[in-house]
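Q: Following this message is one structure expressed as structure tokens.
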Number of protein chains: 2
Amino acid sequence: MTERLFSVEEILTDVPEKATKKVFYENERLNGAVWYVPAGEELPAHYHPETDDVWVVLQGKGEYFLGDGKTAPLEKGMVAVAAKTEIHGIKATGDEPLVFVAFAAPLPVEMIKVDK
Amino acid sequence: MTERLFSVEEILTDVPEKATKKVFYENERLNGAVWYVPAGEELPAHYHPETDDVWVVLQGKGEYFLGDGKTAPLEKGMVAVAAKTEIHGIKATGDEPLVFVAFAAPLPVEMIKVDK
């Protein structure tokens, strides 16, 4: 059986102190990753032409990039959905690293970088 | 703009004290829900023939149903992936309600109930 249950803490074992994406799951339709973003660092604004990207925040907080210079606060206990073509990205703020689980579907994921 | 950021605490405002699914997002390809399962209650075993169902646990713990009578512990800080056709479900254990975010894609979601 393909592994189905994952611990975010285990996924982040030995993660470096910089913005890091750890992909822990992938099938033909979706992939799952954990993002670790130290305070002050950011995941630059981008969009996916054909893929939805949903984030579930487990720790920390940040300013989520919505495009056109707009941002909104995102923190532990919140969910962010970027449907295909919707700009997203985040700058971690606060005192502790930002940690979120990200699922992207459908695959493949094309990424277009944009201004935040 | 369709709403993109959601607070799980807000989604669960006035949730009844029974196993409850609150769908908070849907587009043509995926939907997102928050499940609230009081300790001792369960979400019965089932599978989706054509849809992946991924869960991110924010609170509590439970016994995740893998099918064929197999279970595995799932708790806060863990992620469970049920690819299409894979059996899943959960019984909440421990002292506090189990809360998890569930994303299902692609749509529509057909559900087949099975023995756990």
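Q: Amide H to amide H, which residues 5 or more places from B:PHE24 or on other chains are under 5 Å from it, using H placed in the peptide plane?
A: Here the answer is B:GLY32, B:ALA33, B:VAL34, since their amide H atoms fall under 5 Å of that of B:PHE24.
Q: Would you please name the trypsin sites (Lys or Arg not before Pro) within the stretch A:1-66 that are DSSP coil residues with at most 11 other C-beta atoms within 10 Å of their C-beta?
A: Sites meeting the loop and neighbour criteria: A:LYS18.
Q: Across peptide B:23-30, how many C-beta atoms of other chains are within 10 Å of each residue C-beta, on average?
A: Going residue by residue through B:23-30 and averaging, the value is 4.
Q: A further question on this structure: For B:ILE90, what residues show an amide H to amide H distance below 5 Å, using hydrogens built from the backbone and excluding near sequence neighbours?
A: Placed amide hydrogens put B:LEU43, B:PHE65 under 5 Å from B:ILE90.
Q: From the helices alone, meaning DSSP H stretches of at least four residues, give me the mean residue ellipticity at 222 nm for the protein assembly as shown, per-run term -39500 (n - 2.57), in deg cm²/dmol to the nearest 500.
A: For the protein assembly as shown, the value works out to -500 deg cm²/dmol.
Q: Between B:PRO49, B:PRO97, B:PRO16, find the one with the highest GNM mean-square fluctuation for chain B; connect C-alpha pairs within less than 10 Å.
A: Comparing B:PRO49, B:PRO97, B:PRO16 in the GNM, the peak value goes to B:PRO16.
Q: Taking a label point 7 Å out from Cα toward Cβ, give me the nm distances from A:THR71 to the same spot in the other copies, shortest first, one decimal.
A: From this label point to the equivalent ones elsewhere in the assembly: 4.5 nm.
Q: Follow-up. What does the copy distance list look like for B:GLU110, label position 7 Å along Cα→Cβ, in nm and ordered from shortest?
A: Those label-point separations list as 3.1 nm.
Q: Still on this structure, please answer the following. What pairs from A:LYS61/B:LYS116; A:LYS91/B:LYS76; A:LYS61/B:LYS22 go past 32 Å between their alpha carbons?
A: As for pairs spanning more than 32 Å Cα to Cα, those are A:LYS61/B:LYS116.
Q: Report the accessible surface area buried between chains A and B, summing both sides, using a 1.4 Å probe on protein heavy atoms only, in Å² rounded to the nearest 100.
A: Using a 1.4 Å probe on protein heavy atoms, the buried area is about 2900 Å².
Q: What does the average come to when, for each residue of peptide A:74-80, you count the partner chain Cβ atoms lying within 10 Å of its Cβ?
A: The per-residue average across the peptide is 6.
Q: Another question, then. Hand me the chymotrypsin sites (Phe, Trp or Tyr not before Pro) from the stretch B:1-33 located in a DSSP loop with no more than 11 other Cβ atoms within 10 Å, in residue order please.
A: none
Q: How large, in percent, is the carbon and sulfur part of the accessible surface of the stretch A:56-116 at a probe radius of 1.4 Å?
A: That fraction is 50 percent.
Q: For A:GLU50, which inter-copy label distances result when the label point lies 7 Å beyond Cα on the Cα-to-Cβ vector, reported in nm to one decimal and in ascending order?
A: For A:GLU50, the other copies' label points sit at 1.8 nm, shortest first.
Q: Going by accessible area, probe 1.4 Å, with all protein chains left in place, what is the ranking of B:VAL114, B:VAL99, largest first?
A: Sorted descending by solvent-accessible area, the residues read B:VAL114, B:VAL99.
Q: With the cut-off at 1.5 for a/c, could you classify chain A from its C-alpha gyration tensor as rounded, prolate or oblate?
A: Because a/c hits 1.5 or more and a/b fails to exceed b/c, chain A counts as oblate.
The values are calculated or read from the model by the stated rules, or taken from the named source; none is laboratory data. The structure displayed is predicted, hence computed values, not measured ones. Because the Cβ atoms are built from the backbone with ideal geometry, glycine has one as well, and the counts that use them run over all protein chains shown. The protein model used for the area step is the full one, side chains on, heavy atoms only, and it has no ligands, DNA or RNA in it. Shrake-Rupley method; radii C 1.70, N 1.55, O 1.52, S 1.80 Å.
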